[in-house]
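Each remark here refers to the structure printed beneath this line.
Here, each number is a calculation from the coordinates, and none is a lab measurement. Please read these numbers as outputs of a predicted model, since none were measured by experiment. A quick note on method: Cβ atoms are made from the backbone with ideal geometry, for glycine too, and the neighbour counts reach across all protein chains shown.
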Amino acid sequence: MCLAIPAEVVALHADGSATVSLGGLRKAVSLALVEGVALGDYVIVHTGFALSRLDPAEAEATLALLREAGVGLEDAG
Amino acid sequence: MASSWGRRLDWDTGRVDMTHGAGGRAMAQLVDELFVAAFDNPLLAKKNDQAVFEVPAGRMVLTTDGYVVSPLFFPGGDIGSLAVHGTINDVAMAGARPLYLSASFILEEGFPLRDLRRIVESMARASREAGVPIVTGDTKVVEKGKGDGVFISTTGVGVVPAPVVTPSGERARPGDVVLVSGTMGDHGVAILSSREGLAFETSVRSDSAALHRLVARMVEAVPDIHVLRDPTRGGLSATLNEIAQQSRVGMLIDEPRIPVLREVTAACELLGLDPLQLANEGKLVAITDRRHADRLLEAMRADPLGTDATIIGTITEDEHHFVQMETAFGGRRILDWLVGEALPRIC
Amino acid sequence: MKYIDEFRDGDVARRLAAQIAKEARGARRYRLMEFCGGHTHALWRYGIVEMLPPEVEMIHGPGCPVCVLPIGRLEQAIALARTPGVTLCTFGDMVRVPARDRRSLLKAKAEGADIRIVYGSADALRLARESPAREVVFFAIGFETTTPATAVVVKQAAEEGIKNFSVLASHVLTPSAMLAILGAPGAAGGGIQVDGFVGPGHVSTIIGSQPYERFARDYGKPVVVAGFEPLDLMQSILMLVRQLNEGRCEVENEYKRAVVRGGNARAIALVEEVFELRPSFEWRGLGSLPDSALRVRERYAAWDAERRWSIPYEAVADHPACACGEILRGEKRPTDCKIFGTACTPESPVGSCMVSPEGSCAAYYAYGRLSKRRPRPDGEG
């Protein structure tokens, strides 16, 4: 389950919704499930709702971990 | 031009009613003031029930298609322009030069004349720009509730000039090269973005276009193209699979080489769709002997509708007739064709 | 696209595959269950299965809400859709799932039922607002990822006094299904040999990683909560292999950029406000599980379709040849099903596993027919 995708918050609206941008496409999403979202934040979007805010520091840390793997090993092929 | 019909048609608030299909004065007025005026050509102006024309030398091509698209109007086009482009393209995919079109309208009682005029003017524009006149047609009206506003059916006639060897779905051979003329999935996303309930804003427009001039360049450069097809409903995956079945071959496609607009990728990520399963209305797939591939590619890129043309893969021997793809990720998968409509999903 | 493309890097993937192969070498097998249908889909879509060493076997779990929804629930939705005056809103996923006698929502629509495909619960509520003459029912399926969105609209409908809106709640819970897999007492179907779980990343954005700690602690099964991009999956598999090699048994979180241990408190509270546990709920393939699904609370009864419309639930048996149940429990592979690819294909699906894009059978049919690796259930090959 759970087709959800990270998208950038590009506008905040008075009614508790936001406009997010994904690759240039814009969509209105509800922020009813998350607090303290700011412009420029990335949120995980599922069925028109933001489920959580993406933590950029953790994203970087995970990427760094991924890139450490297998360095120096031959390709498994 | 003063109307010779007495009371003028009310284009702003008027609606189609049963008299417009009854064969009487009301219908004649509609045909005259709308269709004949918009499509504006000598054959149609004769107002016969048929058009008579000389048949040029070569093999004749005949094709027909029905257009039931919803919504009727979408970014980059409407049911009218689609009806012209789609049928011209079906003629062109035989390597042929399109000559004439016919257009048949089934109108639903109550359909706004304003929208009808918009559609017909769009068809006229598309026909004019393509240089393919609509020379005969028909109009019927059905009771309210029995039609989705308007259904259009167009038939196209064309001729394959002598040196061209007719491309056909069963002619792909192992070792051949597969090309596409441009980005995949644009039309599908444009339609989705106009549908109720999906509500996303995008700059993606339908790629609806007449491909006959592009094809003319292609067959001039390579008279013996094995396969030409436009990947409409079902997208590239349906077209490649159909051809694989018809030609009894397999394919190996390099996924990263398939051009897809960034926003089309984004829309598909959001809705859980595959751009390769979405319709295109202004693109084609070409399969040719590998010795001619570069020349064909060059000819395609020289045309405004082929600037993003790319070689995407090759034809292989495969008893299962699988269309395999090397993914950007490095693994391999099968590109399967869709069952039914591409629907947004949550899973 | 940021935070997506970086996690699909092919070069990193190849190195990760080499790392997994290096660390998985040896005398043992690693039987890992990816619980979530989205992960099953990703494994095949990116060809990850082919990149794994033979010691690592991925067992596909029941985390596909379409697949585990029993036919009886779908029959309720179809019955509602057929009721005059009702507009049934559904996710696209459910539309072609076969119910009794190969009925489906799609067929019902063709026969005149007012069925609309919506992207989310908010679209269903909006439809209710815009069409006061219609009774709008939202077919609310999904695991914990999707439940909060339903809770929000129920609450909103109550606050705005929208009377022509209700939900047919079939939301299910992940930990209960994982428990059933492990063969907890009272769970149907026994247990199968699973060494560790790849945990569902988006469910965990809501419930956090904490609920899986009991599986590590009480059942000795490590869990790694994984994101959905292919590199997330591969990294999680590596982390599980390491845990098993080192004899550790913990809950680790690979999807830290979106998941925290405590989950989304606000979403959890909203769900708690609108829903309560059903004592028992029938799952396709897993039988009746206690405390495994939610229903609308009494306080919101006016927006509960089950109470508003008396549509009794009737259990409907699966087609006898359909192996969805065993496949959902990880006991069989799609290719072990007698009708896979013959009577049951995406064009004419017999079971939900073939319809849902997240279903094992659909994934195998679409992507897996190339695979030379088809380990048999006894673990050989």
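Taking every DSSP beta bridge with both residues inside the protein assembly as shown, roughly what % is antiparallel (nearest 5)?
Of the beta bridges lying entirely in the protein assembly as shown, close to 60 percent run antiparallel.
In whole Hz, with x marking every Gly and Pro, tabulate ³J(HN,Hα) for region B:268-281 from phi via Karplus 6.51 cos²θ - 1.76 cosθ + 1.60, θ = phi - 60°.
So the Karplus estimates, Gly and Pro as x, are 5, 4, 5, 9, x, 10, 10, x, 7, 10, 9, 5, 10, 10 Hz.
Can you compute the helix-only [θ] at 222 nm over the protein assembly as shown? Use -39500 (n - 2.57) per DSSP H run of at least 4 residues, normalise by all residues, nearest 500 deg cm²/dmol.
Taken over the protein assembly as shown, the calculation gives -9000 deg cm²/dmol.
Would you mind calculating the relative contact order of chain C from Cα pairs under 8 angstrom and at least 6 residues apart, reporting the percent as a whole number?
Once divided by the residue count of chain C, the mean separation gives 21 percent.
So which of A:LYS27/C:LYS2; B:LYS140/B:LYS283; B:LYS46/B:LYS146; B:LYS146/C:LYS109 end up more than 20 Å apart, counting from Cα to Cα?
Going by Cα-Cα distance, B:LYS140/B:LYS283; B:LYS46/B:LYS146 fall outside the 20 Å limit.
Counting only other chains, and only Cβ atoms inside 10 Å, what mean value do you get across the residues of C:224-233?
What the average comes to for C:224-233 is 3.
Decide, for region B:105-218, between rounded, prolate and oblate: order the square roots of the alpha carbon gyration tensor eigenvalues as a ≥ b ≥ c, take rounded if a/c falls under 1.5, and otherwise choose prolate if a/b is larger than b/c, else oblate.
oblate
Among C:LEU106, C:LEU179, which comes first, then next, by fewest other beta-carbon atoms within 10 Å?
Ascending Cβ contact count within 10 Å gives the list C:LEU106, C:LEU179.
In what sequence do B:VAL164, C:VAL172 fall when counting other Cβ within 10 Å, fewest first?
In increasing order of surrounding Cβ atoms, one gets B:VAL164, C:VAL172.
By DSSP, what percent of the beta bridges with both residues in chain B are antiparallel, rounded to the nearest 5?
Taking every DSSP beta bridge within chain B, about 75 percent pair in antiparallel fashion.
Pull out a ≥ b ≥ c, the square roots of the eigenvalues of the alpha-carbon gyration tensor of chain B, then state rounded if a/c is under 1.5, prolate if not and a/b is larger than b/c, and oblate in the remaining case. Working shown, then result.
Values: a/c = 2.48, a/b = 1.51, b/c = 1.64.
It is oblate, given that a/c is not under 1.5 and a/b is not larger than b/c.
Calculate how steeply helix C:147-160 sits against the longest principal axis of the alpha-carbon atoms of chain C, using the helix alpha-carbon long axis, and give the answer as 0 to 90 degrees to the nearest 10.
Tilt of helix C:147-160: around 20 degrees.
Using a cut-off of 18 Å between alpha-carbon atoms, which aspartates and glutamates can reach C:LYS107, once sequence neighbours fewer than 8 places away in the same chain are excluded?
Output for C:LYS107: B:GLU341, C:GLU75, C:ASP93, C:GLU347.
R0 = 51 Å: FRET efficiency of B:ARG114 with B:ALA162, Cβ-based, nearest 0.05?
So, using R0 = 51 Å, E works out to roughly 0.65.
In nanometres, what is the gap between the two model label sites at B:ARG173 and C:ARG266, each 7 Å from Cα along Cα-to-Cβ?
Simple spin-label model gives 6.5 nm for this pair.
Amide H of C:HIS171: which non-local residues (sequence gap of 5 or more, or other chain) have their own amide H closer than 5 Å, using H built in the peptide plane?
For C:HIS171, the qualifying residues are C:LEU294.
For region B:277-322, state which GluC sites (Glu not before Pro) are in a DSSP loop and have at most 12 other beta carbons lying within 10 Å of their beta carbon.
Of the GluC sites (Glu not before Pro), the ones in loops of region B:277-322 whose Cβ has at most 12 other Cβ atoms within 10 Å are B:GLU317, B:GLU319.
List C:PHE215, B:PHE105 from most exposed to least, where exposure is judged by having the fewest other Cβ atoms within 10 Å.
Taking fewest neighbouring Cβ atoms as first place, the list is C:PHE215, B:PHE105.
Quick check: the angle from helix B:113-130's long axis to the longest principal axis of chain B, C-alpha only, nearest 10 degrees?
Orientation of helix B:113-130: about 50 degrees from the principal axis.
Just want to confirm a number: the relative contact order over region B:177-334, from Cα pairs under 8 angstrom separated by 6+ residues, in percent.
42
Over all residues in C:11-24, what is the mean tally of Cβ atoms on other chains that come within 10 Å of each residue's Cβ?
Average per residue, whole number: 6.
How would region B:177-334 be classified by its alpha-carbon gyration tensor: rounded, prolate or oblate, with rounded meaning a/c under 1.5 and the a/b versus b/c comparison settling the rest?
oblate
Compute the relative contact order of region C:324-368 as a whole-number percentage, counting only Cα pairs closer than 8 Å that sit 6 or more residues apart in sequence. Present the calculation step by step, with values, prior to reporting the outcome.
Numbers: 38 pairs, mean separation 13.4, N = 45.
Contact order relative to length: 30 percent.
Calculate the mean, over all residues of peptide C:120-126, of how many other protein chain Cβ atoms lie within 10 angstrom of the residue's Cβ.
5
With θ set to phi - 60° and the Karplus curve 6.51 cos²θ - 1.76 cosθ + 1.60, what are the ³J(HN,Hα) couplings of region B:46-53 in order, to the nearest whole Hz, using x for Gly and Pro?
5, 6, 8, 7, 8, 10, 10, 8
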